[in-house]
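A.B. asks: Following this message is one structure expressed as structure tokens.
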Amino acid sequence: MDPLKPVRIGIIGAGANTRAKHLPGFRAIPGVELVAVANRSLASAHRVGREFAIPRAESRPERIWEAHDIDAVLIGTWPYRHAAYACAALAHGKHVLSEARMAMDAKEAARMLAASRARRKLIAMVVPSPFTLAYDHAIAEFVAKRLGRLIQVDLTVHTGQFPDAESPFTWRHERRYSGNNAMTLGIYYEALSRWVGPAESVSAMARIVARRRREAASGALRGVSVADLIQVQGVLRRHGAFYRMSFSDASGFSKQSECTLHGSEAALRIPFDGSLHFVERGDPAVKKLDYTPGPAWRVEAEFIGAIRGEEPVRHTTFQDGLDYMRWTDAVHLAAQSGKTLTLSR
């Protein structure tokens, strides 16, 4: 694509992350135009249009991907619409940036990947796991040069909250909207796989502790259908290393979320606050790893850069998204069956 030619964006779904990140991000890029927005209602689309100077509000999502004055589509809906909208947009010749989670399950993610491969000249990208973007390179370098043979990975992601029926009910608590990707399973696995590669096997236990939560709009108690306590373990493909993961929205007084990579020559602790701490064989002193931070967020710039032919998609391709969806599906199925599942290569 001509790098001087404007890139015209249409938005389907303008939730909190779209308004906080994507729309300001696109507006900051020279030559990018926000052309039209479709939201859950025409009235809300008009409100978003006024806030971000988007000239056209649409009542139906198909008006976005069918429009001749739109080059690329941002899909910011809940996951249950991602696959249908992404495939339709690609079929109509539009580049696609899909909000994470990629889809409801791996089957839908595979459909999205197939649709993108049928239109290889189009850019297809999933919003990446953002927590460690600024220091993924430092972790990967430490793993490659100083960790030695990878032995074990321990990941704990706890909110520190006790189960509470008065806590707000959102789409993330309803499987028909969120799919198999419970809590932050996929988003942390995506980051972890950047450092140590994919999982080979999965076993899991899952439970819904807070079975009801209160809906903010109506005040009614709603039944929860997504687990808020999950334990996962298995073997990583790299070196046959073990991994253990604990995710909880129902464990009060739990420790800070963190990940530790245990190697034969060193261990690295990642507390997800930008700092990295390590110990090395023969030296028990804990040291802080110095590194130069990279960009913490450049999702919109990477998408536009890929469309203009200036850079490839690094975070996150549809293939990467399918990989983490396969793993989250395996966690769901392993927890249901009580079996250890092997992921295909």
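The values are calculated or read from the model by the stated rules, or taken from the named source; none is laboratory data. Model, not experiment: these values are computed from the prediction. Glycine gets a Cβ as well: all are built from the backbone with ideal geometry, and neighbour counts include every protein chain shown.
A.B. asks: Which condition does Arg214 not pass, out of (1) in contact with a strand residue (DSSP E or B) (Cβ under 9 Å, 6 or more places away or on another chain); (2) under 30 Å from Ile9 (Cα atoms), if it passes all the others?
C.D. replies: Tallying (1) in contact with a strand residue (DSSP E or B) (Cβ under 9 Å, 6 or more places away or on another chain); (2) under 30 Å from Ile9 (Cα atoms), Arg214 fails exactly one: (2).
A.B. asks: Continuing with the same structure: Is it true that Ser193 is assigned by TED's automatic domain parsing to the domain that holds Cys87, at pLDDT 95 or above and closer than 27 Å to Ala296 by Cβ?
C.D. replies: Answer is no for this residue.
A.B. asks: Right, here's the next one. Please determine whether any residue of region 159-169 is in a loop (DSSP other than H, G, I, E, B) and of a type in the set (Phe, Trp, Tyr).
C.D. replies: Yes, because at least one residue in region 159-169 is in a loop (DSSP other than H, G, I, E, B) and of a type in the set (Phe, Trp, Tyr).
A.B. asks: Please state which of the following conditions Ser203 fails to meet, knowing it meets all the rest: (1) within 17 Å of Asp249 (Cβ to Cβ); (2) of a type in the set (S, T, N, Q); (3) out of contact with any Cys (no Cβ under 8 Å at 6 or more places or on another chain); (4) buried (at least 17 other Cβ atoms within 10 Å of the Cβ).
C.D. replies: The failed condition is (1).
A.B. asks: If you go through region 183-210 one residue at a time, how many are in contact (Cβ under 8 Å) with a residue 24 or more places away in the chain, more than 29 Å from Ala138 (Cβ to Cβ) and either touching an Asp or Glu at 6+ places or on another chain (Cβ under 9 Å) or not hydroxyl-bearing (Ser, Thr, Tyr) (or both)?
C.D. replies: Qualifying residue count for the region: 5.
A.B. asks: Further question: Taking Arg194, is it on the phi < 0 side of the Ramachandran plot, crowded, with 18+ Cβ neighbours inside 10 Å and among the charged types (D, E, K, R)?
C.D. replies: Considered against the rule, which asks whether it is on the phi < 0 side of the Ramachandran plot, crowded, with 18+ Cβ neighbours inside 10 Å and among the charged types (D, E, K, R), Arg194 comes out as yes.
A.B. asks: Which one of the conditions (1) at pLDDT below 95; (2) small (Gly, Ala, Ser); (3) over 22 Å from the mean Cα position of the chain (by Cα) does Ala296 fail to meet, given that it meets all the rest?
C.D. replies: Single failed check for Ala296: (3).
A.B. asks: Somewhere in region 283-300, is a residue assigned by TED's automatic domain parsing to the domain that holds Gly160, over 29 Å from Ala20 (Cα atoms) and touching a residue at least 40 places away in the same chain (Cβ under 8 Å)?
C.D. replies: Yes: region 283-300 contains one or more residues that are assigned by TED's automatic domain parsing to the domain that holds Gly160, over 29 Å from Ala20 (Cα atoms) and touching a residue at least 40 places away in the same chain (Cβ under 8 Å).
A.B. asks: Continuing with this model, one more query. Please determine whether any residue of region 185-195 is more than 18 Å from Tyr243 (Cβ to Cβ) and not small (Gly, Ala, Ser).
C.D. replies: No, there is no match, as no residue in region 185-195 is more than 18 Å from Tyr243 (Cβ to Cβ) and not small (Gly, Ala, Ser).
A.B. asks: Just for region 60-86: of the residues that are of a type in the set (A, V, I, L, M, F, W, C) and surrounded by fewer than 22 Cβ atoms within 10 Å (Cβ to Cβ), which one is nearest to Ser178 (Cα to Cα)?
C.D. replies: By that ranking, first place goes to Trp78.
A.B. asks: Of everything in region 122-158 that's aromatic (Phe, Trp, Tyr) and in a loop (DSSP other than H, G, I, E, B), which residue is surrounded by the most Cβ atoms within 10 Å (Cβ to Cβ)?
C.D. replies: Taking the candidates together, the pick is Tyr135.
A.B. asks: While we're on this one: Could you list, in sequence order, the residues of region 1-58 that are in a helix (DSSP H, G or I), under 21 Å from the mean Cα position of the chain (by Cα) and either among the small types (Gly, Ala, Ser) or surrounded by fewer than 18 Cβ atoms within 10 Å (Cβ to Cβ) (or both)?
C.D. replies: Matches in region 1-58: Ala16, Asn17, Arg19, Ala20, Lys21, Pro24, Gly25.
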